[in-house]
1. Quick one: which of Val80, Val48, Val14 is at pLDDT 95 or above and in a helix (DSSP H, G or I)?
2. May I ask you to list pairs of residues, at least six apart or on different chains, whose Cβ atoms are under 7 Å apart, with the first in region 33-51 being farther than 28 Å from Ala295 by Cα and the second being among the aliphatic types (A, V, I, L, M)?
3. Which residue is surrounded by the most Cβ atoms within 10 Å (Cβ to Cβ), if the candidates are limited to region 116-142 and must be over 15 Å from Met160 (Cβ atoms) and of a type in the set (Ser, Thr, Tyr)?
4. Given (1) crowded, with 21+ Cβ neighbours inside 10 Å; (2) within 26 Å of Leu46 (Cβ to Cβ); (3) not basic (Lys, Arg), where does Gly310 come up short, assuming only one miss?
5. For Ala111, indicate whether it is outside any helix (DSSP H, G or I) and of a type in the set (A, V, I, L, M, F, W, C).
6. Kindly evaluate Ala253 against the criterion of being closer than 30 Å to Ala23 by Cα, crowded, with 24+ Cβ neighbours inside 10 Å and in contact with a Phe, Trp or Tyr (Cβ under 7 Å, 6 or more places away or on another chain).
7. Kindly check whether there is at least one residue in region 285-305 that is within 17 Å of Gly117 (Cα to Cα), among the β-branched types (Val, Ile, Thr) and crowded, with 19+ Cβ neighbours inside 10 Å.
8. Taking the residues in region 213-239 that are buried (at least 20 other Cβ atoms within 10 Å of the Cβ) and of a type in the set (Val, Ile, Thr) as candidates, determine which candidate is nearest to His266 (Cα to Cα).
Amino acid sequence: MGAITGFASTFAIVIAGLRAVGATETQAASGLLILCVFQGLIAMILSVRTRTPLSFSWSTPGAALLIAAHSTTSNFAAAVGAFIVCGLLIAATGLWPWLARAITSIPKSIASAMLAGILLPICIAPVTAAATEPLYALPIIGVWLVLYRIAPRWAVPAAMVVTISIIVLTAPALGNAVIAPQLSVVLPVFDPFVIVSLGLPLYIVTMAGQNVPGFAVLATFGYPPPKAAPILIGSGLLSAIGALFGGHAINLAALSAALMAGPDAHPLPGRRWIAATAGGVFYLVLGVGAAAATALVAASPPVLITAIAGLALLGALLGAITAALENPAQRMPAIVTFVVVASGVVIGGVGSAFWGLLVGGVVLAWLSWPVLSYSVLSYSVLSHSLLSRHRQ
């Protein structure tokens with residue numbers, strides 16, 4: 001159920017993200033297929049070896065980043081180069097602990113604000129769709145709202161079913177679409193500007209938004225912390241290889257991991273690895289339908305797909321905003337980061353995700369500096385006073 005729910009809830013986001021950075025329909029279908037295959041394989045291998053429910057997924061925040069970065073590049077080969085760099089950085093994080101410490105040292109408020117800024121324009125899409133395509137959008141939103149009240153887990157999949165039904169009924173050209181599984185090789189181009197504005201933010205949101213929460217989910221259900229190196233090295237290298245076929249990033253699952261690591265999977269924690277292994281098998285099967293899923297998305301009005309993506313990401317937006325504003329002392333830097341990223345500004349060919357992270361960090365350092373200086377000065381005065389009294 002975790003694999004089916006994860007696929008149905010977010011495959012449209014992945015396809016829309018790949019298309020936003022220049023992928024053709026064939027390349028997007030290839031990317032979705034390779035992501036399904038690789039995340040299924042690594043889940044099966046590592047879950048069996050470790051007897052731990054290690055489930056993997058594509059980077060949903062990363063796919064949202066691609067949608068938001070549509071103005072950064074329309075050259076998919078350059079985007080693939082950025083995907084490869086992201087995958088190698090994830091693998092390097094598993095090899096070198098100092099890199100893991102560096103990425104986790106980014107303040108949670110800043111990283112969450114960056115993610116919220118990426119998600120906001122997408123989450124506004126249901127409102128836009130309701131205004132421009134009310135006959136299509138309102139039934140989808142209505143089904144999502146009803147199911148979110150009585151069965152939240154099935155709200156997005158049910159809305160996706162309604163979306164697919166609308167597309168099938170209103171897109172006669174869909175019958176001519178190619179639905180056979182196919183892989184398309186993309187030779188990468190390593191553009192420094194695209195790497196900085198797309199590759200680095202993709203790495204950060206994948207680590208902070210998926211891998212770190214994925215480890216936390218396992219801890220929540222009482223599993224001892226698994227060795228991070230095989231997970232990060234394996235998913236990173238597969239991400240880099242999969243990029244050659246159009247995939248963007250693979251990581252530990254976070255939300256769907258709760259289904260496979262929780263009591264719903266099996267009453268005995270020691271047997272839940274079977275659920276994660278079965279989820280990997282299901283992803284292999286779901287990959288066969290990647291071309292058909294891509295054809296559905298291609299046949300739909302773009303605003304409708306972005307709308308369903310916005311509904312799917314509302315929970316992630318809520319979590320990101322909550323985490324960004326959690327620390328009162330860092331709320332202003334977080335808001336600055338959020339505003340810069342949400343603006344979508346591109347400066348010098350570099351996208352807003354990078355600039356938001358940079359500006360937010362500068363504001364945080366500036367606002368923290370007087371406090372730090374005052375604390376150091378107070379400590380020095382107090383120490384000098386105590387030392388003088390001791391000498392007297």
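1. Just one listed residue meets the conditions, Val80.
2. Listed by first residue and then by second, the contacts come to Met44/Val281; Leu46/Leu54; Leu46/Ile231; Ser47/Leu54; Ser47/Ala276.
3. Thr128
4. It fails just one condition, (2).
5. Judged against the criteria, Ala111 is not a match.
6. Criteria met by Ala253.
7. No, region 285-305 contains no residue that is within 17 Å of Gly117 (Cα to Cα), among the β-branched types (Val, Ile, Thr) and crowded, with 19+ Cβ neighbours inside 10 Å.
8. Within region 213-239, the match that is nearest to His266 (Cα to Cα) is Val217.
The values are calculated or read from the model by the stated rules, or taken from the named source; none is laboratory data. Here the structure is a predicted model, which is why all the values come from computation and not from measurement. Here Cβ is always computed from backbone atoms with ideal geometry, including for glycine, and neighbour counts include all displayed protein chains.
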